[in-house]
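The values are calculated or read from the model by the stated rules, or taken from the named source; none is laboratory data. These numbers come from a predicted model, not from an experiment. Neighbour counts are summed over all protein chains in view; Cβ atoms, including those assigned to glycine, are modelled from backbone coordinates with ideal geometry. We work out accessible area using only protein heavy atoms, side chains counted, and drop any ligands, DNA or RNA first. Shrake-Rupley method; radii C 1.70, N 1.55, O 1.52, S 1.80 Å.
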Amino acid sequence: MKLSIRPASATDIPLIAQFIRDLAEHERLAHEVRFDEAVLEAKLFGPRPFAEVLIGEIDGVAQGFALFFHNFSPFEGKPGVYLEDLFVRPEARGAGLGKALLKKLAAIAVERDCARLEWSVLDWNEPAIQFYKALGAKPMDEWTVYRVDGAALTGLAAPI
């Protein structure tokens, strides 16, 4: 069995879109998937990409992905890598692909002189939590994620 990780290209958009849908289904959030593939392609591979994607393959067959982007730590004075989504198809779990994707992201973070690699995990996803802890990840229990979207985002953006 051969594991490989490669950067995604625009021709991978249908595959990336399916991974996103599969992840949303796994996370019980399929009702929140609203993207348009053409817009997704423009945002990932257009003139100003907002995120990057790695494709994980087992014996040449795409079985997982990682979607990530840079953030910035003023305290460190350096960028970080934020892993937005990590997904490995259920039938491919246990083969080491999730770990290989995270190792590649860690290597990218080190290569780009980033201070850290971070991500969020749903509280109920105990297998993922144990997997991440086994890799040396620590929960940031003192932080709560906040989000403004939809009408609240539009309202907040309105002129004063």
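Observations
- Qualifying residue in region 70-79 (condition: at pLDDT below 95 and closer than 27 Å to ASP149 by Cα): no
- Pairs where the first residue, in region 38-51, is of a type in the set (D, E, K, R) and the second is open to solvent by 70 Å² or more (accessible area, probe 1.4 Å) and in a loop (DSSP other than H, G, I, E, B), C-beta under 8 Å, 6+ apart: LYS43/PRO49; LYS43/PHE50
- Those residues of region 98-115 which are open to solvent by 70 Å² or more (accessible area, probe 1.4 Å) and in contact (Cβ under 8 Å) with a residue 60 or more places away in the chain, in sequence order: LYS104
- Selection over region 106-128 of residues that are aliphatic (A, V, I, L, M) and at pLDDT below 95 gives a count of 3.
- Residue in region 100-109 that is outside any helix (DSSP H, G or I) and either under 28 Å from ASP149 (Cβ atoms) or over 13 Å from the mean Cα position of the chain (by Cα) (or both) present: no
- Picking from residues in region 79-97 that are assigned to a strand (DSSP E or B) and open to solvent by 20 Å² or more (accessible area, probe 1.4 Å), the one that is nearest to GLU118 (Cα to Cα) is TYR82.
- GLU118 falls short on exactly one of the conditions (1) within 16 Å of the chain's Cα centre (by Cα); (2) exposed (fewer than 10 other Cβ atoms within 10 Å of the Cβ), and that condition is (2).
- On the stretch given as region 2-35, residues that are without any contact (Cβ under 8 Å) to a residue 24 or more places away in the chain, part of a loop (DSSP other than H, G, I, E, B) and open to solvent by less than 80 Å² (accessible area, probe 1.4 Å) total 3.
- In the set GLU76, GLU142, only one residue is part of a loop (DSSP other than H, G, I, E, B), on the phi < 0 side of the Ramachandran plot and loosely packed, with under 11 Cβ neighbours inside 10 Å; that residue is GLU142.
- Here ALA151 clears all of (1) aliphatic (A, V, I, L, M); (2) open to solvent by 50 Å² or more (accessible area, probe 1.4 Å); (3) more than 27 Å from ARG28 (Cβ to Cβ) except the condition numbered (3).
- GLU91 vs. criteria in contact with a Ser or Thr (Cβ under 8 Å, 6 or more places away or on another chain) and either over 20 Å from SER120 (Cβ atoms) or in contact (Cβ under 8 Å) with a residue 24 or more places away in the chain (or both): no
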